[in-house]
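Taking it in order: structure first as structure tokens, then the write-up.
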Amino acid sequence: MNKIAFSILVAGTLFTANAQDPVVMEINGKPILKSEFEAVYKKNNGKDVQNNSKSVKEYVDLFSLFKSKVFEAESLGLDTLTSFRNELGGYRRQLASPYLTDKNTNENLLNEAYERLKSEVRASHILIRVNESALPKDTMESYTRIGLIRKAILGTVPTSAEIANYDKLLKNSTDVFFALKRKDSTLYKQKLNSVKNLSDYYKSAGSDKFQDIATKTSDDPSVVDNKGDLNYFSALDMVYPFENAAYKTKVGEVSDIVKTKFGYHIVKVYDKRAARGEMTAAHIMAKFSKESSKEERGNAKKKIDELYEKLKSGSNFEELARQFSDDNQTKDRGGLLQPFKSGRLPKEFEDAAFALQKDGDYSTVIETPYGWHIIKRISLKTVPPFEEIKTELKNRVARDSRNQMGRSALITKVKKENGFKENLKNRDELAKVLDTTYLQSTWKVDRAKALGNKEIFNLAGKSYTQMDFAKYLESQMTFRSPTDVAELMKSMYPNWVEQSVINYEDSQLEKKYPDYKNLLREYRDGILLFDLTDQKVWSKAVRDSLGLVDFYNKNKNNYLWDERADVSTYKCLNEKIAAEVRKQLKAGKGEKDILDAVNKSSQLNLSVENVTFLKGENKNVDANWKQGVADKNIVSDADKKVLVLVVNKISPKTPKTLGECRGLATADYQNYLENEWLAYLKNKYKVKVNEDVLNTIK
């Protein structure tokens, strides 16, 4: 049984009492308060609570035994074991997770995601890459570059002053700075020219300035093929900040600059429409490629047209796909494709597929860059009602980058509620004791002691100091490329603050949320009870071989074989062979001699099967339950062979050996050990009930 399921079955939820709770009972002098007993009673009984004093009093024995087990586990030190602490710590992290985010924010994000699933956006983007952990000077360079690109697309090309300013930022950026020191100006020229030439890019661009400029400026490698066009997408298809920008930008407009884990983007929205849903389809394909000749394309068209005519004449779609489709990945499945949404396949293919009105319909011949196709609609799944997909959607949102929104909202809330204040001057003093040894992962935290351990920020009256931050920096130390160490320290500071705030809130969960505290206690006791029962009963019964043997010897008459017959069944090809077998048996011949004699002409004449049957297992054996050859032949229903039964021996009821009944005997031994153990607990832990308090529980 799962440990936690075990705890819920045995314990239910435990409440820690407040000062006003009266004592309902004492177990070996340890007080148990009314609120704890009442909560466990009501949870374990659920709808069966009868609201009468009798059912409450009947529960006293169950509850007191449960508490006795918990106290026994604690007395044995099971709650101090490393294995216990690690297991409980893992469960604690799982239980704490929903409390370490802002629930209102998460609920709003959930509803927002569902509403967005009902529509699709077609957009293009330009990306300027920058690492999430980049230094401020590097993010400034990237931000400035994409800002100038956006202005150019909107018709305002960079001025000389703006280009000169960008040039300074670029030369100071980490990668370019070190490249120039190595006398390599390639990266510098590439980035600078992407800004200097914006005026020319704008003038030479066609009607779609965005896509034409994207091919010259975007860091997205796919821009060469798609000009930044991402086709249609819906909620949860893109990282959340990007999705947000796309859904909030009007059709035909360019978004503000948006930051994601990939870098800075600008997004142009081309279309918005109702979601098409998720299509399951099959197709027959006549393939051609970019390199195909005119003749090869023509032959592919003739092939698909012939197949289309066969379909119209009543041929089976799946069979045609298996025989003739050029898509080797789907032809063996009758052309069946994986389910797809908008934006996954070529536009021509998707438009034709989603235009099919009902399951089983197939399209006319359509062309894509990969060949000619005929498409059959298998099924179409539209957006289900909210309640139907709420759990699935909640899990997807939890895994999505938007989940950070709830965490960020909680951090802001905790800071406000607990008087967060910081002194960045004291933070910046750490630059005095940081040097390039930090980049080489050899820096020592003791160097920070010279600063005096001043407070950097305060939360809920607790001081977070220079040494605290220094220890965090040491924990994050790894080999890094050359960079400005002071700027690196400042870029790591927000993560330390956020983690510290979350850790503080985590430490307060049991005080703030009774449900959380109760559930954690339930898990704790569940692990203890499982481990204790395993130690005293389950594993002991398996490991204690001498004890099991002794228990078996004292109770072997509980493990009896029923009366049984040792039977040889001669399976004869026909009645003639059966008569020969009976003749041989009457003459006292043994099994091997009979087989050799009867099968001399054919090995198919006779086979023999030896089985021991318990009474009631085989109706034919039961009908001939006496030692010797059965009086009559039996015709097998399965293969029509003629059976001659020989009952070699009838054995009376006898005890099974321990090997023959080990599983059952072990289970009984476990029950014996448990009863002995429970008797020990009841004798050791004395229960004193306060009847006056107990009578107030309904």
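The values are calculated or read from the model by the stated rules, or taken from the named source; none is laboratory data. Since this is a predicted model, take the numbers as computed values, not measurements. As a convention, Cβ positions derive from the backbone with ideal geometry for all residues, glycine included, and neighbour counts pool all protein chains shown. Accessible surface is based on the protein model in full, side chains and every heavy atom, while ligands, DNA and RNA are left aside. Shrake-Rupley method; radii C 1.70, N 1.55, O 1.52, S 1.80 Å.
Brief remarks on what is shown
- Relative to the longest principal axis of the Cα atoms of the chain, the long axis of helix 136-153 lies at roughly 70 degrees.
- Residue 262 contributes an accessible area of around 90 Å² to the protein surface, as traced by a 1.4 Å probe with all chains present.
- Residue 654 long-range amide H proximity, modeled H, under 5 Å: 561
- Whole-angstrom Cα spans of the stretch 46-196 along principal axes, big to small: 90, 44, 21
- Close Lys pairs in the stretch 253-302, defined as Cα atoms under 20 Å apart and 8 or more places apart or on different chains, number 6.
- Between residue 309 and residue 386, the C-beta separation translates, for a Förster distance of 41 Å, into a calculated FRET efficiency of about 0.35.
- A Förster radius of 22 Å combined with the Cβ-Cβ distance from residue 413 to residue 119 puts the calculated FRET efficiency at roughly 0.10.
- Compactness of the stretch 621-698 is given as radius of gyration and Dmax, 28.5, 80 Å, from Cα positions.
- Residues listed by number, the stretch 262-295, amide nitrogen under 20 Å from residue 396 label point at 7 Å toward C-beta: 272-281
- Kirkwood hydrodynamic radius of the stretch 539-653, Cα pairs, Å: 16.4
- Each Lys or Arg adds one and each Asp or Glu takes one away; over the other residues whose Cβ falls under 14 Å from the Cβ of residue 320, this sums to -1.
- Over the chain, the hull volume per residue, using the convex hull of the C-alpha atoms, is 354 Å³.
- Applying 1/(1 + (r/R0)^6) with r as the Cβ-Cβ distance of residue 80 and residue 555 and R0 = 22 angstrom yields a FRET efficiency of 0.05.
- Each Cα pair under 8 Å and six or more residues apart adds its separation to the average, and for the stretch 81-211 the resulting relative contact order is 21 percent.
- Across the stretch 301-352, the mean sequence separation of Cα contacts (distance under 8 Å, 6 or more residues apart), normalised by length, yields a relative contact order of 21 percent.
- Sites matching trypsin sites (Lys or Arg not before Pro) across the stretch 321-381 that sit in DSSP coil, with at most 10 neighbouring C-beta atoms within 10 Å: 358
- Accessible surface ranking for 293, 207, 1.4 angstrom probe, highest first: 207, 293.
- Of all accessible heavy-atom area on the chain, the percent that carbon and sulfur account for (1.4 Å): 49
- Sites matching trypsin sites (Lys or Arg not before Pro) across the stretch 538-608 that sit in DSSP coil, with at most 10 neighbouring C-beta atoms within 10 Å: 600
- Seen from residue 232, the other residues with C-beta closer than 12 Å to its C-beta sum to a net charge of +1, counting Lys and Arg as +1 and Asp and Glu as -1.
- Solvent accessible area, Å² - residue 279, 1.4 Å probe, full protein context: 0
- Pairs of Cα atoms nearer than 8 Å and 6+ residues apart set the relative contact order; for the chain it is 17 percent.
- Area of residue 311 that stays accessible when all protein chains are in place (1.4 Å probe, Å², to 10): 10
- Per residue, the chain reaches -15500 deg cm²/dmol at 222 nm when only DSSP H runs of four or more residues are counted, each adding -39500 (n - 2.57).
- Cα gyration tensor shape for the stretch 377-484, rounded if a/c is under 1.5, else prolate or oblate: oblate
- Nearest-ten-degree value, helix 53-75 long axis tilted from longest Cα axis of the chain: 70
- Cβ-based net charge around residue 102, under 10 Å, with every Lys or Arg adding one and every Asp or Glu removing one: +2
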